[in-house]
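This report refers to the structure that appears directly beneath it.
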Amino acid sequence: MDGRAFPAAADTPLVDLMFTVGHSLHGLRTEGAATIDFTENTYVIRLELVGDRVRFTASHDAPAPAPGCPLDTYACEARRFVTDGVEYLERQHPALARNPAMAALRELAGVRATPGCLAMPGAAVRTCPCPR
């Protein structure tokens with residue numbers, strides 16, 4: 001996707017990853033915190049909104065200090081991942097375009113049905129600072 005390859009037999013299905021990333025973005029918006037956890041192991045990534053930055057803390061091998069990035073950057077990358085993933089899957093399997101899960105993914109991540117990053121919901125639509 002967008003110059004990045006996903007293995008055909010990935011350990012975690014792409015749709016699961018997209019929902020997890022979308023839920024993390026939603027959690028940051030509504031609660032100021034979120035977790036990304038993996039059903040195939042005990043690894044957990046905690047995300048916390050600190051001012052206008054997202055701080056990441058991992059359950060295993062966590063570096064000190066905890067890494068972070070601006071919320072706008074995380075939101076942009078999360079939306080790009082969901083948008084690119086949905087487009088990729090719909091190109092591979094055109095019938096998925098009619099599957100309500102694709103619309104649910106876009107809505108969860110605050111992505112329009114057309115490609116591209118957007119500002120946080122409720123903010124003025126703009127181009128994200130990340131390159132596409």
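The values are calculated or read from the model by the stated rules, or taken from the named source; none is laboratory data. All figures in this text were calculated on a predicted structure; none of them were measured in a lab.
At a glance:
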quantity: Residues of segment 1-21 that turn out to be at pLDDT below 55 and of a type outside the set (A, V, I, L, M, F, W, C), as a count; calculated: 5
quantity: Of all residues in segment 22-61 being among the hydroxyl-bearing types (Ser, Thr, Tyr) and at pLDDT 90 or above, the one that is farthest from VAL86 (Cα to Cα); calculated: THR30
